[in-house]
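Chemist: My structure is below; once you've seen it, I'll send some questions.
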Amino acid sequence: MSDNPWFSWRYLENNWRNLAELTGQHVSLTVQAVLIALLLAVPLAVLARGRPVISGAVLGSSAVLYTVPSIALFGLLAPFTGIGRTTVLIGLVAYAMLVLVRNTLVGLRGVPPDVVDAARGMGYSPLRRLLAVELPLALPAIITGVRLATVTTVALVTVGVVVGYGGLGQAMYSGFNSSYRAEILAATVLCVAIALVADLLLLALGRLVVRWRRA
């Protein structure tokens with residue numbers, strides 16, 4: 001192409017529907033992966049706290065999994081889960097869980113023992129102590145983990161293009177193949193915007209939690 005700028009209004013005008021669809025796909029994958037990872041990570045962290053053997057096994061296996069390059073992981077999953085959304089989602093959940101399990105464990109272990117003892121003295125059952133005392137006090141650490149996992153997931157979604165479902169990564173891949181800079185830059189800026197907006201929303205949620213705890 002003779003006219004190949006990094007920024008092009010014409011490209012945005014002609015392709016905004018496709019970019020909007022890919023952005024929706026990117027956001028959907030990110031939200032689903034983080035939510036599923038959180039639903040799995042919290043029970044695992046609750047099970048692992050106070051149990052060194054289980055804690056070591058959970059954190060060790062998660063850490064080993066995190067060292068596997070995302071492209072390799074998607075490639076290993078593809079023969080079993082096929083090409084498409086399911087494979088990408090499984091990989092994203094696996095990566096997000098390490099951050100979430102670690103932060104949830106940190107939050108639960110940081111709950112003051114005297115608070116737990118006070119709840120026990122008031123007749124709280126273990127489940128009620130967990131739901132009414134420990135998890136609320138651990139929320140700041142958990143939300144910090146969610147922020148880290150979310151930003152990381154936004155970036156990793158793009159790698160899903162290797163199995164045909166990578167959100168804005170598909171636009172980046174297309175741009176690299178055609179050397180069309182505007183397509184690459186537009187997809188990159190949208191990824192950064194998604195990560196920034198998500199992080200700001202979660203930061204606001206964290207501040208609300210801190211105010212609620214103080215109240």
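Chemist: Scan the stretch 66-121 for residues that are under 20 Å from residue 54 (Cβ atoms) and among the polar types (S, T, N, Q) and jot them down.
Modeler: Passing the criteria: 103, 104.
Matching residues to (1) without any contact (Cβ under 8 Å) to a residue 60 or more places away in the chain; (2) buried (at least 20 other Cβ atoms within 10 Å of the Cβ):
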residue: 144; (1), (2): no, no
residue: 148; (1), (2): yes, no
residue: 155; (1), (2): yes, no
residue: 163; (1), (2): no, yes
residue: 166; (1), (2): no, yes
residue: 171; (1), (2): no, yes
residue: 176; (1), (2): yes, no
residue: 183; (1), (2): no, yes
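Chemist: Scan the stretch 172-187 and give yes if some residue there is over 21 Å from residue 72 (Cα atoms) and within 20 Å of the chain's Cα centre (by Cα), otherwise no.
Modeler: The answer is yes, given that some residue of the stretch 172-187 is over 21 Å from residue 72 (Cα atoms) and within 20 Å of the chain's Cα centre (by Cα).
Residue-by-condition table, conditions (1) farther than 30 Å from residue 206 by Cβ; (2) of a type in the set (A, V, I, L, M):
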site: 4; (1), (2): yes, no
site: 16; (1), (2): yes, no
site: 20; (1), (2): no, yes
site: 50; (1), (2): no, no
site: 64; (1), (2): no, yes
site: 95; (1), (2): no, no
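Chemist: Pairs, please: C-beta under 9 Å, at least 6 apart or cross-chain, first residue in contact (Cβ under 8 Å) with a residue 24 or more places away in the chain and basic (Lys, Arg) and in the stretch 67-91, second outside any helix (DSSP H, G or I) and crowded, with 20+ Cβ neighbours inside 10 Å?
Modeler: 85/165
Chemist: Just one of (1) touching a residue at least 60 places away in the same chain (Cβ under 8 Å); (2) in a helix (DSSP H, G or I); (3) surrounded by fewer than 22 Cβ atoms within 10 Å (Cβ to Cβ) trips up residue 132, so point out which.
Modeler: (1)
Where a number appears in this text, it was derived from the coordinates with a stated rule and is not lab data. These numbers come from a predicted model, not from an experiment. Cβ coordinates were reconstructed from backbone atoms using ideal geometry, including for glycine residues, and neighbour counts include every protein chain displayed.
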